[in-house]
């Protein structure tokens, strides 16, 4: 085996520690010579390359931090070639890769200084995948370590762990199957001292359990944080010079002085008047300083504009802390006015509108047979998605002119959160054999549209007749920190969101939490504050759920007349090939003659779909006949005679299952020739008297007649009973 020589002559540096039961190593200098920093992270057989690039100069004229973090799935990492027939090269990232990119971004972004405008790019590339656990947290560690080595002002390191439950015991780095079958799948990321980000899906888990899981996760991540600190010391990082783009203190003071006494009424006005008043006030401020500074004002106008925004946020925070009242006059725990309706679209299978304050979400549910499930083919997963939630929020919903395009990272993330919120309460395929697509069309935005999407989706699913285990509601919580004193806000609107320190979304039923997402705008929070927010959110969720149930109390008993009818039966998987038949002949015949659409799962679940109930019943009867096993002692009526022999007749008691009625079992009377009694195509009644050791069916016509309590007559005699006797010539 050869040895890599670093072109710079620097040695390859590697550090290693024990992390959640396995060795974790970070290595620098083996690859990525021209990047700002590259780190190879290895955990088990998972290897992730974290690459960071930081521009040496600040980007002028930019009013946001130009940070991008991407997560790249490589099929070769899992030893796979894409299952697509036409496309084998990795292309557009999957939704899952986009969501993981967001997951890595969220704890890292707040740890850069305000006003930092150097262009920063992070790419986490999975080179090798250990199937025993998901690689996303190793990618987060690799990315954090790479940023630490750039010398840029990143206030890390950060680490993350994915926490599941084995019974009542918390465990990190469980397998995907264990997480799927467990009660909790929680990601917690943070620094040495505090939690920065939380995301979870749960099977109605209590707030207390979530709080304990957060503490477990924060404790578990510490070795990975210490390892990054050790790596930084060994490498000997040189701090990078940088510039911050911040409003001049004199400009901030000047704007605040001019705005003194003017902001209150505008900030506390109702929507949409509030936006109009603030915009008018912004224009008046610019006009005032343009008059004062003349042509020189153009150079500092953007700084004054940012100073105006900062003054609004400062005013919002100050008033909340001083009076415990929010800009719209609500108390900290008060929910905005709620109004909703269902069955709003005549042709939709289910629909709803959920309105909370100025935030409004319409949801439309469409049902289809399970054959319409989405195929999933990613680095980690292969299979089908039966439930999909899609979220759309065009520019006009925030009063902007914005070009339409494919969904961005935010839309995909919001849709996934709402999907995750409802997944734990969906019926099984056996209970409700449908593919379910739920689409949220945001109609107006003013804070927490993902929670409006959750509530509207739940109501539309109930309207469509989907038998949810329990209804789900969601709420977004906010936070203002005044020193060490937290002010927790229920149901935050956009003003409080922009001015606040936390965005905490939680969904659940009366029994517990189903999904959770928390992002920090400060450098982390202790578990105690997060637990308080969870418990306050529980009260808010209950209030919103009470409103939802006042509109629709339970899933509709009757489905839309425009929804397809799907029924299922469970069969022995060994019988699947008999339903399909040679070359698909049998199933094609059933479909052609009944008009029903048939899907068969590998576990023996057969779904039969048709808008016509009679069509479904005909297909069910046909399939039941194919898979039914002959039963000794059972009487079979109207079975066809398939062939007549000298020693008896063969009849078909079930599709594909013939049996012999010996000549001695055809009648109480002696039968000389079976052809004198029956002919091919006649229908007879028989009793199955035995199945021999070779599986052959032994049938009796006279035993069936005897059991029925009627005199045994031959089929020929029965035919002659109603017609004149003929004289033989």
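A few notes on this one:
- Residue count for the range 67-81 satisfying the condition of being in a loop (DSSP other than H, G, I, E, B) and either more than 13 Å from residue 93 (Cβ to Cβ) or outside the structural domain of residue 126 (by TED's automatic domain parsing) (or both): 3.
- Among the residues making up the range 160-203, a single one is surrounded by fewer than 20 Cβ atoms within 10 Å (Cβ to Cβ) and under 20 Å from residue 476 (Cα atoms): 203.
- Here the range 442-465 is the region considered, the condition is being touching a helix residue (DSSP H, G or I) at 6+ places or on another chain (Cβ under 9 Å) and outside any helix (DSSP H, G or I), and the residue that is surrounded by the most Cβ atoms within 10 Å (Cβ to Cβ) is 448.
- Some residue of the range 112-128 being over 22 Å from residue 521 (Cα atoms), in a loop (DSSP other than H, G, I, E, B) and either touching a residue at least 12 places away in the same chain (Cβ under 8 Å) or touching a strand residue (DSSP E or B) at 6+ places or on another chain (Cβ under 7 Å) (or both): no
- Subset of the range 605-616 that is at pLDDT 90 or above and not in a strand (DSSP E or B) - its residue that is farthest from the chain's Cα centre (by Cα): 615
- Here the range 412-431 is the region considered, the condition is being surrounded by fewer than 20 Cβ atoms within 10 Å (Cβ to Cβ) and free of Cβ contacts under 8 Å to residues at least 60 places away in the same chain, and the residue that is farthest from residue 100 (Cα to Cα) is 431.
- Qualifying residue in the range 371-391 (condition: in contact with a helix residue (DSSP H, G or I) (Cβ under 8 Å, 6 or more places away or on another chain), closer than 26 Å to residue 519 by Cα, crowded, with 21+ Cβ neighbours inside 10 Å and not assigned by TED's automatic domain parsing to the domain that holds residue 131): yes
- Boolean, residue 357 is touching a strand residue (DSSP E or B) at 6+ places or on another chain (Cβ under 9 Å), at positive phi and not assigned by TED's automatic domain parsing to the domain that holds residue 92: yes
- Residue match in the range 581-595 (condition: in contact with a strand residue (DSSP E or B) (Cβ under 9 Å, 6 or more places away or on another chain) and in contact (Cβ under 8 Å) with a residue 40 or more places away in the chain): no
- Candidate set from the range 9-28 (those that are under 38 Å from the mean Cα position of the chain (by Cα) and within 15 Å of residue 235 (Cα to Cα)); member that is surrounded by the fewest Cβ atoms within 10 Å (Cβ to Cβ): 16
- Only one entry in 253, 215, 240, 228 is within 30 Å of residue 112 (Cα to Cα) and without any contact (Cβ under 8 Å) to a residue 12 or more places away in the chain, namely 253.
The values are calculated or read from the model by the stated rules, or taken from the named source; none is laboratory data. Owing to the predicted nature of the structure, the values given are computational and were not obtained by experimental measurement. Every residue, glycine among them, receives a Cβ derived from its backbone with ideal geometry; neighbour counts consider all protein chains shown.
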